[in-house]
Amino acid sequence: MGESVLFEFLHREMVTRVQSQAGDTEHGKCVSTLEGMGFRAGQGLIERFTKEAPAFKDELDVMKFICKEFWTNLFRKQIDNLRTNHQGTYVLQDHRFRLLTPVSNGKQYLEEAPKFLAFTCGLVRGALSNLGIDSTVTAEVSVMPACKFHIVMQKP
Amino acid sequence: MSRQSRRRSEKQQIDWHLPSTSSTGSAYHMGTELFILTYGTLVAQLCEDCEKDEDINKVLDKMGHNIGTRLVEDFLARSNIAQCRNSYETAEVIAKVAFKMYLGVTPRVTFWNQAGDDCSLFLEKNPLRGYVEIPEKHSNLLYSNMICGILRGALKMVRLQVDIQLLHDSVNDDKVTEIRMKLMRRHKAVRTVEKEQKHPVGT
């Protein structure tokens, strides 16, 4: 229990730090730096999680794992809704994303939201990457703390 | 809820029980893994941002300080620890309750000085260190320095000024991580509810 809180505090502090380094105008740089950090962490994490687990059957199996076990281990809850077009695009909905709850409860500070989602996008992309899946992961927010993660599998 | 046995004599034997809300076994590892790996990426990023190891150490300490000032509220809410009466109790709480709760390890508290306000926390197996290799050019890096910042910030919030230093970090050849902690003067503050003071701290 305690450790997840520690991560949440660290994440918040990291966002502040990266933002101050990137400067006011460099919104994109801040987001991409955090995303890159998340990517590395995600690669490492998925190795630990899947050490003893059997291989995944298919892409959908992987996504279900991300939504359930992976998300639960990181954010103490599952993804609330998973949608797909069965052609490599997945939308993961979290009605109460833990890293957004301290930011706001509504539309206030909406422009700050991307910074708080970047690391997690990287986490997912890194995890998928080490499972052999190339993807792009973006996030969308309209009313905090709910958000959606868009995952598009890249064709080799 | 945590309990503490009454101290009868000079013997500092206090049983600290973990609060019932703490997690166990595998759930621990997962939560810690995320923190450990994230911390690793942070340090890697700082190595890119900063030229000198000393600067990295300072940033880690500052970030830790900011985290600590907020973490202490979380800690007090979860642990329900009563006010510590002296440095020994403070160190014990830090080692046996706080470290255990957030990092899953319990450092050894030892090497007390004569005055009883200076001690070392020894971590035989530093969890932050898992799977980390520091290249030669960062020999002055205090990898776990954020822990010191967190402790400093947290203790500041309970009006304890400390001088904390990471002496050895097991990233180098040393096997253990040693944090030297000197509890300095307690800030005088008017409290509405005071526990019985056995002896003043840091005079």
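Tabulated values for the structure
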item: Filter result for the condition that a residue is touching a residue at least 12 places away in the same chain (Cβ under 8 Å), of a type in the set (Asp, Glu), open to solvent by less than 70 Å² (accessible area, probe 1.4 Å) and within 14 Å of chain B (Cβ to nearest Cβ), over A:59, A:35; result: A:35
item: Residue check, residue A:100 more than 19 Å from residue A:62 (Cα to Cα), touching a helix residue (DSSP H, G or I) at 6+ places or on another chain (Cβ under 8 Å) and open to solvent by less than 50 Å² (accessible area, probe 1.4 Å); result: yes
item: Number of positions in region A:38-56 that are over 21 Å from residue B:49 (Cβ atoms), open to solvent by 70 Å² or more (accessible area, probe 1.4 Å) and either in contact (Cβ under 8 Å) with a residue 40 or more places away in the chain or within 12 Å of chain B (Cβ to nearest Cβ) (or both); result: 3
item: Residue B:105 more than 10 Å from every other protein chain (Cβ to nearest Cβ), modelled with pLDDT of 90 or more and closer than 26 Å to residue A:71 by Cα; result: yes
item: Residue match in region A:145-152 (condition: surrounded by fewer than 20 Cβ atoms within 10 Å (Cβ to Cβ) and more than 27 Å from residue A:16 (Cβ to Cβ)); result: yes
item: Subset of region A:62-71 that is within 12 Å of the chain's Cα centre (by Cα) and without any contact (Cβ under 8 Å) to a residue 60 or more places away in the chain - its residue that is nearest to the other protein chains (Cβ to nearest Cβ); result: A:70
item: Residues of region B:121-169 that turn out to be part of a loop (DSSP other than H, G, I, E, B) and either within 14 Å of chain A (Cβ to nearest Cβ) or on the phi < 0 side of the Ramachandran plot (or both), as a count; result: 17
item: Some residue of region A:122-143 being at pLDDT below 90 and surrounded by fewer than 22 Cβ atoms within 10 Å (Cβ to Cβ); result: yes
item: Number of the exception - residue A:33 against (1) closer than 20 Å to residue B:35 by Cα; (2) of a type in the set (Ser, Thr, Tyr); (3) not in a helix (DSSP H, G or I); result: (3)
item: Candidate set: region B:73-84, residues that are open to solvent by less than 50 Å² (accessible area, probe 1.4 Å) and within 11 Å of another protein chain (Cβ to nearest Cβ); chosen: the one modelled with the lowest pLDDT; result: B:79
item: Scope region A:62-79; condition part of a helix (DSSP H, G or I) and open to solvent by less than 40 Å² (accessible area, probe 1.4 Å); matching residues; result: A:62, A:63, A:65, A:66, A:67, A:70, A:71, A:74, A:75
item: Residue count for region B:36-64, restricted to those that are open to solvent by less than 30 Å² (accessible area, probe 1.4 Å), touching a residue at least 24 places away in the same chain (Cβ under 8 Å) and either touching an Asp or Glu at 6+ places or on another chain (Cβ under 9 Å) or more than 8 Å from every other protein chain (Cβ to nearest Cβ) (or both); result: 8
item: Within region B:85-102, considering residues that are touching a residue at least 40 places away in the same chain (Cβ under 8 Å) and out of contact with any helix residue (DSSP H, G or I) (no Cβ under 9 Å at 6 or more places or on another chain), the one nearest to the other protein chains (Cβ to nearest Cβ); result: B:96
item: Of residues in region A:1-25 being polar (S, T, N, Q) and in a helix (DSSP H, G or I), the one farthest from the other protein chains (Cβ to nearest Cβ); result: A:19
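The rows are residues; the columns are (1) more than 10 Å from the chain's Cα centre (by Cα); (2) surrounded by 14 or more Cβ atoms within 10 Å (Cβ to Cβ).
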site: B:98; (1), (2): no, yes
site: B:105; (1), (2): yes, yes
site: B:118; (1), (2): yes, yes
site: B:131; (1), (2): yes, no
site: B:164; (1), (2): no, yes
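The values are calculated or read from the model by the stated rules, or taken from the named source; none is laboratory data. Given the structure is predicted, the values throughout are model-derived calculations rather than measurements. Every residue, glycine as well, gets a Cβ built from its backbone with ideal geometry; the counts of neighbours run over all protein chains shown. Accessible surface areas use protein heavy atoms only, side chains included; no ligands, DNA or RNA. Shrake-Rupley method; radii C 1.70, N 1.55, O 1.52, S 1.80 Å.
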